[in-house]
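Before any comments, here is the structure.
The values are calculated or read from the model by the stated rules, or taken from the named source; none is laboratory data. Computed from a predicted structure; not experimentally measured. Note that each Cβ is placed from the backbone with ideal geometry, even for glycine, and that neighbours are counted across all protein chains shown. Side chains included, ligands, DNA and RNA excluded: accessible areas come from the protein's heavy atoms. Shrake-Rupley method; radii C 1.70, N 1.55, O 1.52, S 1.80 Å.
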Amino acid sequence: MVAASSTLIGADQQSQRYNETVDVASVLIDVRVLDDAGRPIAALNAGDFSVKIGGKPVRVQSSTWIGVEAASPAAFDHVAAPSAVYEGAAGRLIVLLFQRSLANDHARGLLRRLEESRDLMRGLGPSDRVAVLTFDTSLKIWTDFTADRAVLDRILQHGVLFERPPTVSASPAPSLVAHLETQTGRRTYTIERALELIAHALEPLPGSKTIAFFGHGMGSMNRSGDVSVARGYTNARRALTAARATVFSLDITMADTHSLAYGLRRIAEETGGFYASSLDFPERPMRWLAGALSGYYVLFVERPEHADKARDVTVALTRSQAHVFATSNYYSSSIR
């Protein structure tokens, strides 16, 4: 996961034949590359990437594309299109996390994002699995990972807004609920802690995972109006990085800017996703999310000296222009 370009202007599960076991002298980084229209760029090799850890260049040992084959622009004309080019994969793991609020400036945005999410679900492949969670005053689980599109559609159309979450049992592997008990979620009172728990539950599962976070804000504001990350943010970020979980923050607040967008933007930047305002062009954020879900690169790079220390990470392309998304932090747990 590394974010050289992490704000959207205005996943997935390993398929396969890819072995995550690697010499401990290597560091694994998940990278997503999109063009200006939000389409994935799927024809790059190790020489196309430049990586720095702690400000120092490190050699890219290999690059493996996990996802759809290179697609024509027409394949992504609609949000739902990526399913057609992703069939046959073992399936992606996607968490939809809605920061639920019925305040006037949040409710309209939430309703819109729920409807857009229904469209996104229709475009997923038959083996993709989605879990749905909400957070208001505590973390609530609506469904474990499932490929049942009818269940997901009912939750997104009606459940999140008008119902109480059901009792959820762990699904057959891969399971989120197996590592995240419902009662634990109900005792979780901050969005930062909620993200940390989700990350811990995702960590045992293989491959890169996606969290589509539909939120209205993260962070703390002091009396002067200055915003900073809230208590628990660093633990959440580190847990997400360890889990190879990328957060894409889609704001539900109906405003051009607002102070607590800071936290939404930062968690996306630091885990390899992007932030999108609710007032962006109507289809653009979900189109970019669909593109990001369509595939990612796994880079193996040389392990830096003093690898036990936290370091900043930057990833760029060497020979072309595009939007590059990957985690901006390196920890020793990034070694695979």
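Which of the residues spanning region 147-178 are within 19 Å of the chain's Cα centre (by Cα) and buried (at least 16 other Cβ atoms within 10 Å of the Cβ)?
Result: Leu152, Leu156, Pro174, Ser175, Leu176, Val177.
Looking at region 42-57, which of its residues are among the β-branched types (Val, Ile, Thr) and at pLDDT 95 or above?
Val51
In region 46-64, which residues are part of a strand (DSSP E or B) and of a type in the set (Lys, Arg)?
Lys52, Lys56
Among the residues of region 200-222 satisfying the criterion of being of a type in the set (A, V, I, L, M) and not in a loop (DSSP other than H, G, I, E, B), which is most open to solvent (accessible area, probe 1.4 Å)?
Across region 200-222, the extreme among qualifying residues is Met221.
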